[in-house]
Amino acid sequence: MDKILVTSPSMTSYEEYIDEIKSIWDTKWLTNMGPKHNQLEFELRTYLGVEKISLFTNGHSALELGLQAMNLKGEVITTPFTFASTTHAIVRNGLTPVFCDINANDYTIDVDQIENLITDRTCAIVPVHVYGTVCDIERIDKLAIKYGLKVIYDAAHTFGVKYKGRSVVSYGDASMLSFHATKVYNTIEGGALCYNNDEYGNKLRKLRDFGIKTAEIIDGIGANAKMSEFHAAMGLCNLRHVDEEIAKRKEIVNLYRSELSGIDGVQLLPIQDNVKSNYAYFPVVFNERILGFTRNEVFEHLRLREVYARKYFYPIANSFDCYLGKYDPCTTPVALHVSKRVLTLPLYASLSLENAMRVVDGIKEML
Ligand code: T4K
């Protein structure tokens, strides 16, 4: 029996990639915003329908530097139900995360609770479009305007997602995308920030390049977060196939939905109105009180069948060891509840429907 992992990167053909990187041997331009990098920025801007985009070595550095470029001080309202990157990016900027609970329906930040958490020290909101599910962007926008807060979305999971026909990453002051190998669209490692302000863009570009303004003027304390030409070349190739990738994911999601919907105690994500999905993740919440078995038991059972689902996102950020004693996960009971019960099922374009059925059968055996 072959192993089924939670994901498998989508890769262009070997020949297409080799063809794409040939010119790098002629130019000997390997990194530092070369022609492939610039072409990818251009093509992504068009594909995503955003005003401005800057590429980075990974999504995390995009988020961390994106926050730094906003010159923030104080508290940032965010969700603990996310990958470690979101909280770390806030803390590494010297900012204090204030954890807001998620809603029990789609696991994005519970907008009803944000206002109660705003103080005179609040400077920004960092919501997460977790699993590719779109946050309540319209209400978040209104709150940000009312209280004069910056909004930077962790949109790591939302490549190509649209809300009411408009690119989700065009909302807020900035949105971060991850192009990691495990994402719907990858540049091996990589990420981007989408935004619409020139001055902010200038700061970002400096921060990803050591704070260098000109060869003799270094007026920022930057990092090195530039995307190389080889990564950009992978991005150019994968972009030609991403629509196909999303269509194949949709087939698997449809199969999972038809097989697992309507089972008492098995909660699937709702289908969102007005949203064009990218089918990034397929989380399932197992309620042990109704089912009589736990998420961990499903996880183990699947593992015996060589199916490696993942507990994204467990533990939640406010219970990480590195933050021990600083936050209380009980202040976000819904996030705590979901994180203890969620499993994300294998989902990737090359997953055969037969293998997806192996995942389903494994779950049904438990039932
Ligand atoms: N914000 C959010 C909400 C995020 O989810 C992430 C990243 C970020 C920010 C930060 O973006 P980046 O800086 O990463 O661009 C993985 C990914 O490394 C991470 O990018 C992703 N989120 C997170 C949800 O998943 P791990 O530690 O679970 O990865 P790993 O190595 O266990 O891989 C998962 C599975 O993928 C493996 O079972 C097999 C498969 N895989 C993985 C790699 C790396 C492959 O088949 N080939 C590969 O090369 O974090």
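Within the shell defined by Cβ-Cβ distances under 12 Å, the residues around PHE99 carry a net charge of -3, with Lys and Arg each +1 and Asp and Glu each -1. Over the chain, dividing the summed -39,500 (n - 2.57) contributions of all DSSP H runs of at least 4 residues by the number of residues returns a 222 nm mean residue ellipticity of -11500 deg cm²/dmol.
Each of ASP101, ASP2, ASP219 has some number of other Cβ atoms within 10 Å of its Cβ, and from fewest to most they run ASP2, ASP219, ASP101. For the pair segment 232-281 / segment 36-78, the C-alpha centres are spaced 24 Å from each other. Computed from backbone phi, the HN-Hα couplings of segment 147-153 come to 9, x, 9, 7, 10, 10, 7 Hz, rounded to whole numbers (Karplus: 6.51 cos²θ - 1.76 cosθ + 1.60, θ = phi - 60°; Gly and Pro given as x).
Computed from backbone phi, the HN-Hα couplings of segment 18-24 come to 4, 4, 5, 8, 3, 5, 5 Hz, rounded to whole numbers (Karplus: 6.51 cos²θ - 1.76 cosθ + 1.60, θ = phi - 60°; Gly and Pro given as x).
Give, as a single signed number, the net charge of other residues whose beta carbon lies under 14 Å from the beta carbon of TYR17, with Lys and Arg counted +1 and Asp and Glu -1. Once positives and negatives cancel, what remains is -2.
GNM on the chain, alpha-carbon springs under 10 angstrom: the most fluctuating residue among GLY262, GLY172, GLY49 is GLY262. Convex hull of alpha carbon positions in segment 1-150: directionally averaged projected area 12.9 nm². Could you tell me which of rounded, prolate or oblate describes segment 119-224, using a ≥ b ≥ c as the square roots of the eigenvalues of the alpha-carbon gyration tensor, with rounded for a/c under 1.5 and, failing that, prolate when a/b is larger than b/c and oblate otherwise? It comes out oblate by the Cα gyration axes. Put simply, the amide H of ILE4, placed in the peptide plane, has neighbours under 5 Å in VAL307, TYR308, leaving out anything fewer than 5 places away on its chain. Exposure proxy ranking for VAL359, VAL242, based on other Cβ atoms within 10 angstrom of each Cβ and starting from the fewest, stands as VAL242, VAL359. Taking label positions 7 Å along the Cα-Cβ direction at both GLU354 and LEU30, the computed distance is 4.3 nm, reported to one decimal.
Of all DSSP-defined beta bridges confined to the chain, some 60% are antiparallel rather than parallel. For the chain, modelled as a GNM whose springs connect Cα atoms under 10 angstrom apart, the maximal fluctuation among CYS330, CYS135, CYS100 occurs at CYS330.
Between GLY211 and GLY222, ALA223, the built amide H atoms are under 5 Å apart, and every one of these is 5 or more places off in sequence or on another chain.
With one equal scatterer per alpha carbon and no solvent term, the Debye-computed log10 I(q)/I(0) for segment 47-119 at 0.15, 0.19, 0.27 1/Å reads -0.61, -0.90, -1.18.
Would you mind checking which residues have amide H under 5 Å from PHE282's amide H? H placed 1.01 Å from N; only 5 or more apart, or other chain. Those lying under 5 Å, H to H, from PHE282 are LEU345. Projecting the Cα positions of ILE102, SER85, THR133 onto the charge dipole of segment 73-138 (unit charges on Cβ atoms of Lys, Arg, Asp and Glu, taken about the Cα centre) puts SER85 furthest along the positive direction. Residues considered: GLY220, GLY325, GLY201. Largest GNM mean-square fluctuation over the chain, using C-alpha springs under 10 Å, is found at GLY325.
The value for the chain of Rg(Cα) / (2.2 N^0.38 Å) is 1.00.
Per residue, the convex hull around the alpha carbon atoms of segment 287-367 comes to 115 Å³. In order along segment 200-208, the Karplus-derived 3J(HN,Hα) couplings, from 6.51 cos²θ - 1.76 cosθ + 1.60 at θ = phi - 60°, round to 4, x, 4, 5, 4, 4, 6, 5, 7 Hz, and Gly and Pro are given as x.
Laboratory data are not the source of any read-out in this text; all were calculated from the coordinates shown. Predicted model only: the values in this text are computed from it and were never measured. Positions of Cβ are backbone-derived with ideal geometry, glycine not excepted, and every protein chain shown enters the neighbour counts.
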